[in-house]
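The values are calculated or read from the model by the stated rules, or taken from the named source; none is laboratory data. Everything quoted here is computed from the prediction, not taken from an experiment. So basically every Cβ, Gly included, is an ideal-geometry build from the backbone, and we count neighbours across all protein chains shown. Note: areas computed on protein heavy atoms with side chains; ligands, DNA, RNA excluded. Shrake-Rupley method; radii C 1.70, N 1.55, O 1.52, S 1.80 Å.
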Amino acid sequence: MHASIPEPEHTARETALSQTEAAASRPRAAVWRDCLLTLSLAIVGGFLMDAINAPLPWTLGPITAVSLASLVLGRTFHWPLGIRNTALILLGYAMGRSFTIETGQAILSQLPLMLMATMITVLAGIFTAWLMFRHTAINFTSCLLGCVPGGLSQMVILADEIPDADLTAVTIMQTLRMLSVVFTIPFLATHVLPSGGAAAGSAVPVTASYETALLFATVAIVGAIISRAIHLPTATMLGPLLATIVFILLSGESAPLVPVHAINVAQICVGSYIGCSINLRQLKDYRGMGPVLVGGVLLVLVVSMCMGLLISQLTGASLATTFLATAPGGLAEMGITALVVGADTSTMTAYQLTRLLFIMLIFPYIAKGIVALYQRRMA
C-alpha cells in the first residue's frame, strides 16, 4: 500500500539556487558573520562529539550541530565552497602521501575484486529502490536514483536528466542515506573492527624542509586545478591525491606528514559545508521513507561487511581497510575515516574510485534502461 505524501513546495534545485542567490545578494559583512556563526557551531559540535568519544568527532560534530541548528532556528547557514575545497586538497594529499609502487601493484592485482564489489553494492541499492517503491508513493525512477550508493551531487544531476524523477525526493533519500552511512561506518571502523595500524595523527612526524613542504603543496594544488579542468569526480580531493601519488612515484621523494591538528581543521571545514547542505525540514514532506531507507542502508552495510571479510581473507589486507573500501560511503567521508583509523588509504581509494567511476560513467545508462523497461511494462 502506497502512503500518500504532500507535494513539496520547491524542488531541491530551486532551493539550492535561492540560497545561492540570497547569499550573493547579502552584504559581505553579513556573509562573514554568518560564516563565523557556522564555524562556532561546528567547533562546539566537534568538541561535544570528541568529549563523548564519538567516531570522526571533527566531521560528524559540525554536521550534527549545523544541521540541527538550522532546523531549530528555522534558518539556513552558509559555508564558503572555496574553504571546503581547500580542506579537501589537504585531505587528498594526506590520503595520497602513503602510496608506494608495491601498493600500486597490489591494487592492480585486485581489479576483478573491485569490479565484483561494485556490482554487488549497486545490485543491493537497486533492491533497496524496489522496496522503497513498494512501500511509499515515490515513483520508481526517483527511488532508483535515491537508493543506489552514488554521490549526492552525481545522483541529483542524473535525476535532472530523467523527466519523471523527483529532484527533491532523490536529494532527501541520498541525504538520509549519506547521514546513515556517515554516522554508522566510522563507528564500526573505530570501535568494532580491528584497526588497520597507526592513525594519521599518531605517526612520528618526518623531518621536512620548507622547500619540500612547499613543493608537495604546489603539486597538490596543481593536481586540484587540473582535475577541475578535466571534470574529474570529487576533483579537489581526487586531483591532489593522484598528483601526489604520481609525483612520489616519479621523484622518489618522501612526502611530509600532515599534522593531526591540520587534519582536524580540514574535517571541520568539510563537516560545516555538509551541515549547511542538509535541510532537515524537508523530511516531513516524505513520510514513510525513513524506515525503508534505513533498512536498505543496513542491508548494504551487511553486504559490504561480508565483502570486506571475503576480500580481507583473499588479500590479507586489514578488515578496516577492506570494509571502508567496500562501504557505500563517499570518497571524502571514507577517506577521512581511513586516515583516522589507520587503514590503507590507497587500497580504500582504489575500491571507492572504481565504484564512483562505474556509477558516473556506466550506471546512468543502466538506470535509464531499467526505467525504460519498467515504463514499457507499465504501459
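Taking into account only those residues within the stretch 352-365 that are of a type outside the set (Val, Ile, Thr), at pLDDT 80 or above and open to solvent by 10 Å² or more (accessible area, probe 1.4 Å), which is farthest from Ile120 (Cα to Cα)? Can you show your working first?
Taking the stretch 352-365 and keeping what is of a type outside the set (Val, Ile, Thr), we get 352-353, 355-358, 360-361, 363-365.
Those still in the list that are at pLDDT 80 or above too: 352, 355, 358.
From what's left, open to solvent by 10 Å² or more (accessible area, probe 1.4 Å): 355, 358.
Values: Arg355: 10, Phe358: 12 Å.
Here the residue is Phe358.
Considering (1) aliphatic (A, V, I, L, M); (2) surrounded by fewer than 21 Cβ atoms within 10 Å (Cβ to Cβ); (3) part of a helix (DSSP H, G or I), the lone condition that Leu232 does not fulfil carries the number (3).
Within the stretch 369-377, does at least one residue satisfy the condition of being in a helix (DSSP H, G or I) and under 28 Å from Asn53 (Cβ atoms)? No.
Being open to solvent by less than 20 Å² (accessible area, probe 1.4 Å), outside any loop (DSSP other than H, G, I, E, B) and among the hydrophobic types (A, V, I, L, M, F, W, C) is the filter here; which residues of the stretch 115-139 pass it?
Within the stretch 115-139, the subset open to solvent by less than 20 Å² (accessible area, probe 1.4 Å) is 117-118, 121-122, 124-125, 128-129, 132, 136, 138.
Those still in the list that are outside any loop (DSSP other than H, G, I, E, B) too: 117-118, 121-122, 124-125, 128-129, 132.
Matches in the stretch 115-139: Ala117, Val122, Ala124, Ala129, Met132.
Applying the condition of being at pLDDT 55 or above and exposed (fewer than 12 other Cβ atoms within 10 Å of the Cβ) to the stretch 200-213 and asking which residue is nearest to Ala243 (Cα to Cα) yields Glu211.
Of all the residues in the stretch 177-199, those that are more than 19 Å from Gly308 (Cα to Cα), surrounded by 15 or more Cβ atoms within 10 Å (Cβ to Cβ) and at pLDDT below 65 number 1.
Against the definition (modelled with pLDDT of 75 or more and under 21 Å from Leu111 (Cα atoms)), how does Leu309 come out, yes or no? Walk me through how you get there before you give the answer.
Working: modelled with pLDDT of 75 or more: yes; under 21 Å from Leu111 (Cα atoms): yes.
So Leu309 passes the test.
Quick check on this structure: which one of Pro62, Pro112 is in a helix (DSSP H, G or I) and surrounded by fewer than 18 Cβ atoms within 10 Å (Cβ to Cβ)? Reasoning before the result, please.
Numbers: Pro62 fails: surrounded by fewer than 18 Cβ atoms within 10 Å (Cβ to Cβ).
One residue alone meets the criteria, Pro112.
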